[in-house]
């Protein structure tokens, strides 16, 4: 197919730079087809992504990474096995995971819940998978109460064993058992499952230890505009003490766990461990580690823990004096917010590193320093917000919720995710947003979709067809539109 002219406008730059795709676009990426996750699109390459949930079970480290489940040896940090849970582009990332007996449950965000057997703990095997449509909710959270699994999300709460539904139509988070019965968080409010009664205030609730009974203390998390409150809560869903047992953390809290009598609070910039004395939280030990999403202790007595997040994954030893010793570390491309394509490489960077991705077919990736000592293209800090072909121009709306098409119509992606970039590729519009990529015809017809861990910040046309993308949560990738011969 002949290349067509396109125009890319950087958001906020106020200038449109015309290019010919055949002359300036990135080189073709003839990598083997990885998947065909959606009609009309084929993923031809992918690397990087975010590690979300970490568990240590029976001497094995289970780690979600993108749409993959890793089993890792916590002694050596070597990967024992890797199980793809879904093709790249077919689902949201694996963001939650719980275990009971020889069953492991993994949640693919807003997509499905997968049940695995760990009868062979080094090589888990999928035994069941239930999608959002069958569940009746778009899953975002898994909770275990007395070994019973509850799936929460947009649409309510579902009990896994019999598909019983609660809080129908609400956007729910964690489920716990307390003095009032089973309750779930909805926004900043807590409702009882049995009769939908409002019983208190929390954004997330966690029982103090696995298998705790209804009288066990709870940990609550409640997010505000700029800060998050974390603390101890009674079985009646009341804060133990706003002065002595509640703390305020800057930004969002990614995880809260109680281990060996300390409340561990994971935020974007640090980890804080608060000793618990009776009904009080004492002064914390603070560890300046950014980009963590979860941690699980391999040996709590020595402070040895598996830690994972945007930066990758690592085994760390936490000292009681706030020091951290790194035993092993594996970096991955994630947290990417700036990018550039120079004709062969996509170079992207963020707070946790800079990376160079080869689009010529090898799919190789390597760290790259982007300071004054390194030659190479500059990295742009803006996403393309408008695009044009010979058929007309399109742009992202001011609120980022829709795309204005060449004919003046507005296109809004289902679920109204924020649109982050817009690029013309071979006369079609590739729209990057919080949930992935949607390819549109100039008339607004949907030609294909990729579900990705977003937001997708950049899309670069490839001279051999298709495009490469850079996602803040999901790393690098490339895809092409399917032709009739591909079907």
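A few points about this structure:
- Restricting 104, 85, 108 to residues that are closer than 20 Å to residue 298 by Cβ and crowded, with 18+ Cβ neighbours inside 10 Å narrows the list to 104.
- Residue match in segment 371-378 (condition: over 21 Å from residue 293 (Cβ atoms) and at pLDDT 90 or above): no
- Residues that are part of a loop (DSSP other than H, G, I, E, B) and more than 22 Å from residue 337 (Cβ to Cβ) within segment 417-445 comprise 426, 427, 441, 442, 443, 444, 445, listed in sequence order.
- Listed here are the strands (runs of 3 or more DSSP E) enclosed by segment 43-162 that have at least 1 residues being closer than 30 Å to residue 183 by Cβ and either modelled with pLDDT under 95 or more than 19 Å from the chain's Cα centre (by Cα) (or both): 51-57, 94-100, 103-108, 112-117, 125-131, 138-145, 148-154, 156-159.
- Restricting 153, 131, 48 to those that are surrounded by 17 or more Cβ atoms within 10 Å (Cβ to Cβ) and closer than 30 Å to residue 482 by Cα reduces the list to 48.
- Verdict on residue 3 being more than 26 Å from residue 130 (Cβ to Cβ) and either modelled with pLDDT of 90 or more or out of contact with any helix residue (DSSP H, G or I) (no Cβ under 9 Å at 6 or more places or on another chain) (or both): no
- Filtering segment 325-353 to residues that are closer than 17 Å to residue 454 by Cα and buried (at least 16 other Cβ atoms within 10 Å of the Cβ) leaves 332, 333, 334, 335, 336, 337, 338, 339, 348, 349, 350, 352.
Rundown of residues vs (1) within 26 Å of residue 266 (Cβ to Cβ); (2) touching a residue at least 12 places away in the same chain (Cβ under 8 Å); (3) surrounded by fewer than 22 Cβ atoms within 10 Å (Cβ to Cβ), yes/no style:
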residue	(1), (2), (3)
164	no, no, yes
174	yes, yes, no
180	no, yes, yes
192	no, yes, yes
217	yes, yes, yes
223	yes, yes, yes
233	yes, yes, no
242	yes, no, yes
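- Comparison of 476, 460 shows that the only residue that is farther than 19 Å from residue 50 by Cβ, within 25 Å of the chain's Cα centre (by Cα) and either surrounded by fewer than 24 Cβ atoms within 10 Å (Cβ to Cβ) or at pLDDT 90 or above (or both) is 460.
- Unmet requirement for residue 258, which otherwise passes all of (1) surrounded by 15 or more Cβ atoms within 10 Å (Cβ to Cβ); (2) within 29 Å of residue 234 (Cα to Cα); (3) modelled with pLDDT of 95 or more: (3)
The values are calculated or read from the model by the stated rules, or taken from the named source; none is laboratory data. Since this is a predicted model, take the numbers as computed values, not measurements. When we count neighbours, we look across all protein chains shown, and the Cβ atoms used for this are built from the backbone with ideal geometry, even at glycine.
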